[in-house]
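Engineer: Input: one structure, supplied below.
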Amino acid sequence: MTPKRILMLGASGFLGGHLARQLSREGHFLRVATRRRDRAKQLLTLPTCEVIEADVHDPAQLAKLCRGQDTVMNLVGVLQGGRGEPYGAGFARAHVELPRKIAAAAQAAGMRRVIHVSALQAAAAAPSGYLRSKAAGEAVLREADLDLTVFRPSVIFGMGDQFLNVFSSLLAAAPFLPLACPAARFQPVWVEDVTACIDASLHQPESIGQTYELCGPHQYSLRELVDYVGMVTGQRRPILGLSDTLSYLQAWVMEFIPGAPLSRDSYDSMQVPSVCSTRCTLPTLPFGRRATPLEAIAPLYLSDAHRRARNDILRKKARR
Ligand SMILES: NC(=O)c1ccc[n+]([C@@H]2O[C@H](COP(=O)([O-])OP(=O)(O)OC[C@H]3O[C@@H](n4cnc5c(N)ncnc54)[C@H](OP(=O)(O)O)[C@@H]3O)[C@@H](O)[C@H]2O)c1
């Protein structure tokens with residue numbers, strides 16, 4: 001297969017790191033743009049990857065990044081984008097204005113192929129700014145004359161995720177867990193399944209113009225997932241499921257904690273189940289791939305992450 005020259009935006013993050021490693025293994029040439037080079041340091045050793053510090057929101061810098069590339073992959077996403085109608089300013093900038101700039105830069109550079117990572121349940125009438133802005137970003141790219149493929153994953157799990165690992169750390173630190181939105185539903189998909197589908201789409205012309213939902217084989221409530229993390233890490237704690245009002249209040253308070261995993265907007269996102277629209281009876285993904293069960297992967301990385309979190313707590317205590 002002919003190697004591609006791929007401009008990757010948002011590749012310094014969790015999904016991007018896994019995807020860059022996979023694409024580099026395949027022999028593709030990657031140009032990773034990041035706002036801070038040190039955030040992408042894990043990619044510096046990849047043999048076919050160049051990391052460039054740039055302001056991707058600046059059309060001139062974006063035009064320069066596009067030069068000589070044949071594909072652009074947009075993985076930029078934010079969970080905290082502020083409040084507002086139809087979405088906060090941070091969501092508008094990262095999820096809508098940036099795709100508009102990407103479309104313009106790609107067209108100016110004569111680059112047609114665009115792969116865009118959105119989110120499951122993105123819709124103009126969705127309950128959160130995150131999901132509404134993700135839908136608007138997709139729409140902007142669809143309006144442009146480009147060879148576009150959109151991926152909409154449910155929550156993604158795997159080594160380094162900010163989902164199961166966060167609960168693992170919380171369980172290590174607390175005697176019980178007050179859990180917002182315990183009944184929220186998810187259909188978690190393994191990061192390597194997501195990267196395999198994105199990689200496959202590069203070689204499948206029929207993926208152009210398609211939007212693919214990416215889900216794992218099973219659905220769970222948030223309470224079930226947290227309880228499962230406790231079981232795998234040997235730290236099962238009582239889970240105190242919060243009412244709707246208390247969940248919203250907890251989300252509001254957590255907005256004041258930098259990098260907190262919860263906000264009022266993520267509370268809003270959880271009002272819609274993050275599960276595939278067609279109830280899958282078979283664990284199938286696009287391009288004939290079978291979705292990997294969470295139970296086959298999560299124990300492999302959670303117990304290590306949990307050990308590290310517990311050691312961190314013990315180290316902090318020892319310094320007192
Ligand atoms: N993880 C999930 O469970 C999940 C589920 C569904 C959809 N998604 C979507 O998948 C994509 C990747 O997710 P992820 O979990 O890998 O995210 P992540 O780890 O938070 O990484 C996000 C990336 O976006 C870039 N970024 C963030 N804010 C930006 C801004 N204002 N301007 C420009 N770049 C910005 C960051 O790049 P620099 O800081 O290096 O510039 C970083 O590389 C996102 O679009 C996300 O919405 C993720």
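Engineer: For Ala135, state whether it is within 13 Å of the ligand (Cβ to nearest atom), in a helix (DSSP H, G or I) and free of Cβ contacts under 8 Å to residues at least 40 places away in the same chain.
Structural biologist: So Ala135 passes the test.
Engineer: Taking the condition of being within 14 Å of Ala296 (Cα to Cα) and more than 8 Å from the ligand (Cβ to nearest atom), how many residues in the stretch 153-163 meet it?
Structural biologist: Within the stretch 153-163, the first condition is being within 14 Å of Ala296 (Cα to Cα), and the residues that meet it are 157-159.
This time we only want the ones that are more than 8 Å from the ligand (Cβ to nearest atom), so: 158-159.
Within the stretch 153-163, residues that are within 14 Å of Ala296 (Cα to Cα) and more than 8 Å from the ligand (Cβ to nearest atom) number 2.
Engineer: Now for a separate question. Take the residues in the stretch 66-90 that are without any contact (Cβ under 8 Å) to a residue 60 or more places away in the chain and within 24 Å of Ile198 (Cα to Cα), then tell me which one is farthest from the chain's Cα centre (by Cα).
Structural biologist: Arg67
Results for (1) closer than 13 Å to Glu192 by Cα; (2) in contact (Cβ under 8 Å) with a residue 40 or more places away in the chain, shown as yes or no for each residue.
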| position | (1), (2) |
| --- | --- |
| Ala11 | no, yes |
| Ala20 | yes, no |
| Lys41 | no, no |
| Leu46 | no, no |
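Engineer: Which residues, taken from the stretch 1-14, are at pLDDT 95 or above and either in contact with a helix residue (DSSP H, G or I) (Cβ under 9 Å, 6 or more places away or on another chain) or within 8 Å of the ligand (Cβ to nearest atom) (or both)? Let's see the steps before the verdict.
Structural biologist: To start, the set of residues in the stretch 1-14 that are at pLDDT 95 or above comprises 4-14.
Listed by number, the residues that qualify are Lys4, Ile6, Leu7, Met8, Leu9, Gly10, Ala11, Ser12, Gly13, Phe14.
Engineer: If we keep just the residues of the stretch 249-266 that are in a helix (DSSP H, G or I) and touching an Asp or Glu at 6+ places or on another chain (Cβ under 9 Å), which is surrounded by the most Cβ atoms within 10 Å (Cβ to Cβ)?
Structural biologist: Taking the candidates together, the pick is Asp265.
Engineer: Let me ask another. Against the definition (closer than 27 Å to Trp252 by Cα and among the charged types (D, E, K, R)), how does Glu97 come out, yes or no?
Structural biologist: Spelling it out, Glu97 is indeed closer than 27 Å to Trp252 by Cα and among the charged types (D, E, K, R).
Engineer: Right, here's the next one. Among the numbered criteria (1) touching a helix residue (DSSP H, G or I) at 6+ places or on another chain (Cβ under 7 Å); (2) in contact (Cβ under 8 Å) with a residue 60 or more places away in the chain; (3) more than 14 Å from the ligand (Cβ to nearest atom), which single criterion is violated by Ala63?
Structural biologist: Every condition holds for Ala63 apart from (2).
Engineer: Next up: Can you tell me which residue among Phe157, Phe167, Phe163 is out of contact with any Phe, Trp or Tyr (no Cβ under 7 Å at 6 or more places or on another chain), in contact (Cβ under 8 Å) with a residue 12 or more places away in the chain and under 23 Å from Gln235 (Cβ atoms)?
Structural biologist: One residue alone meets the criteria, Phe167.
Engineer: Moving to a separate point now. Restricting to the stretch 15-51, give me the number of residues that are surrounded by fewer than 18 Cβ atoms within 10 Å (Cβ to Cβ) and within 10 Å of the ligand (Cβ to nearest atom).
Structural biologist: Result for the stretch 15-51: 5.
Engineer: For the stretch 203-216, enumerate the residues that are crowded, with 20+ Cβ neighbours inside 10 Å and either outside any strand (DSSP E or B) or more than 16 Å from the ligand (Cβ to nearest atom) (or both).
Structural biologist: Result: Ser207, Cys215, Gly216.
The values are calculated or read from the model by the stated rules, or taken from the named source; none is laboratory data. Remember, predicted model here, so these are calculated numbers, not experimental data. Here Cβ is always computed from backbone atoms with ideal geometry, including for glycine, and neighbour counts include all displayed protein chains.
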